[in-house]
1. Please work out which one of (1) in contact (Cβ under 8 Å) with a residue 40 or more places away in the chain; (2) in contact with a Lys or Arg (Cβ under 7 Å, 6 or more places away or on another chain); (3) open to solvent by 20 Å² or more (accessible area, probe 1.4 Å); (4) on the phi < 0 side of the Ramachandran plot is the condition Thr430 fails and give its number.
2. Within the stretch 259-281, how many residues are within 14 Å of the ligand (Cβ to nearest atom) and not in a strand (DSSP E or B)?
3. Under the condition of being open to solvent by 40 Å² or more (accessible area, probe 1.4 Å) and not in a loop (DSSP other than H, G, I, E, B), which residue from the stretch 181-228 is farthest from the ligand (Cβ to nearest atom)?
4. Exactly one condition in (1) away from the ligand (no atom under 16 Å from the Cβ); (2) surrounded by fewer than 20 Cβ atoms within 10 Å (Cβ to Cβ); (3) within 27 Å of Val185 (Cβ to Cβ) is not met by Ile89; state its number.
5. His100 - would you say it is open to solvent by 60 Å² or more (accessible area, probe 1.4 Å) and either out of contact with any Lys or Arg (no Cβ under 6 Å at 6 or more places or on another chain) or among the basic types (Lys, Arg) (or both)?
6. Go over the candidates His264, His297 one by one and state the one that is touching a helix residue (DSSP H, G or I) at 6+ places or on another chain (Cβ under 6 Å) and closer than 30 Å to Lys184 by Cα.
Amino acid sequence: MKLVFCYMSWLVSFFLLIFRYMENTFEKIVSFAKRRGFIFQSSDIYGGLGGFYDFGPLGVELKRNIKDSWWRAMVQKKDDIVGLDSSIIMNPNIWKASGHTENFTDPLAECTGCHKRFRADHLEDPKKCPECGSKMMESRNFNLMFQTFIGPVEDSASIAYLRPETAQGIFVNYKNILDTQRVKVPFGIAQIGKAFRNEITPGNFIFRTREFEQMEMEYFVKPGTEERFFNEWVNERMRWYVEDLGIKKENLRLRKHEKDELAHYAKDCVDIEYNFPIGWSEIEGIASRGDFDLTQHQKNSGQDLTYYEEATKERYVPYTIEPSCGVERTLLAILCDAYEEIDGGRSTTTEAVKEKEFLLRINKKISPIKVAILPLVKNKEDIVNKAKDVYELLKKNFNCQYDEIGAIGRRYRRQDEIGTPYAITIDFETLEKGDVTLRDRDTMEQKRIKIEDLISTIKKDMYEN
Ligand code: ATP
């Protein structure tokens, strides 16, 4: 008995230790993201606002690169997909038709003691408050859509919603696209934009927020072909995370929804999950939605949303496959994947590097700053002028940062920490020979390169490796 007890307490301490380690890693990433200007809490000087974040100079660059990469992969490189930018506030009947007004809810439970509110389905014991231990009230459904009013009168006739997803903007433009573009089933409509959800418990930094951006695509297919296209899209979306964003394959996995998890109309759904320090969690959902959305909008708008297939003379409502992901969750996955701490530093050449080093081994193509231009010294006019010339030359091609403050080793590490893949040093030799040192963030290898070959060398390394 004693032995069993000993074993059990050892097991509990072991899991507690792992849990604490995971939490710590997550906290470190959160603090790093704030310290280096990636992400700030919204309304910071007023004490913040729960579930809202702002993206600083580096965060906004990374966000743009993620969105650009998605847009290139999902629209520009595809012959059968077109883009869209629909409005955030739309006719409220859209949300009635899609089922959001009635069903876009989470179960909300309130404590009878401290009156804190929780998501009932996230509670270990639905009857007991996790904060103060008091009894919980019976849970009720809470609609996650943010309401607003159109025009000057705040009555029920003027109620509108901030969209909780971008997808419905696509469905209601399906007819416009069919009528104005030369698209044929199968084809897709893609959109990136803000979505708003009044989450009961936002948290885990930018993982669950009340305002976020979605990247969604609706792919319209002929009924009967949906399974093939669904599988193709699952593979393609997984490819994007690994090849285009450079996320480690072993940190990604697919989770197929069980039958009882699926919405009544859904045929299939797979989540792409990332191995966050807080555990495996969804970054993207890929759903086979049948003809639910178009049929609902057809019924509620009175418009004909069928598709006429010339070749077979058939008329049908297409089925849809929907890959849907969040920009912020993807960004968080990228930060977690790339973040490294190196005790004692990587190089041993100077005293300063005995300190702990931080490194963001972010994919070179999407890192916020691509090239750092560093004059070896800042008090030699010729070197500084040459460095500024190189900066002017390169910034036409890459997002660059000019930095002359501090010892060169410190400047390299500052750039490593924010994931800058290339650092160029302009020194005395540059003035004589016209070449510079090009340093690689990952290998720390330094090569002498002629100034006129810099652009092609960097492009080759960035896009071919
Ligand atoms: P969850 O189960 O985590 O609430 P969901 O299944 O409701 O997510 P979807 O409606 O499928 O999410 O939205 C697609 C994607 O949008 C998610 O995979 C996620 O990346 C992103 N997303 C959804 N809700 C949020 C949120 N509150 N904050 C940040 N991103 C979100």
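The values are calculated or read from the model by the stated rules, or taken from the named source; none is laboratory data. Since the structure is predicted, the reported quantities are computational estimates derived from the model, not experimental observations. Cβ coordinates were reconstructed from backbone atoms using ideal geometry, including for glycine residues, and neighbour counts include every protein chain displayed. Please note that ligands, DNA and RNA were not included when accessible areas were found on the heavy atoms of the full protein model with its side chains. Shrake-Rupley method; radii C 1.70, N 1.55, O 1.52, S 1.80 Å.
1. (3)
2. 5
3. Arg228
4. Unmet for Ile89, out of (1) away from the ligand (no atom under 16 Å from the Cβ); (2) surrounded by fewer than 20 Cβ atoms within 10 Å (Cβ to Cβ); (3) within 27 Å of Val185 (Cβ to Cβ): (3).
5. So His100 does not fit the description; no.
6. His297
For (1) open to solvent by 30 Å² or more (accessible area, probe 1.4 Å); (2) assigned to a strand (DSSP E or B); (3) within 15 Å of the ligand (Cβ to nearest atom), each residue gets a yes or a no:
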position: Trp233; (1), (2), (3): no, no, yes
position: Arg237; (1), (2), (3): no, no, yes
position: Arg255; (1), (2), (3): yes, yes, yes
position: Ile283; (1), (2), (3): no, yes, yes
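Per-residue answers, yes or no, for (1) open to solvent by less than 60 Å² (accessible area, probe 1.4 Å); (2) part of a strand (DSSP E or B); (3) closer than 28 Å to Gly203 by Cα:
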{"position": "Ser324", "(1), (2), (3)": "yes, yes, yes"}
{"position": "Arg346", "(1), (2), (3)": "yes, no, no"}
{"position": "Lys364", "(1), (2), (3)": "yes, no, no"}
{"position": "Leu374", "(1), (2), (3)": "yes, yes, no"}
{"position": "Ala387", "(1), (2), (3)": "yes, no, no"}
{"position": "Asn397", "(1), (2), (3)": "no, no, no"}
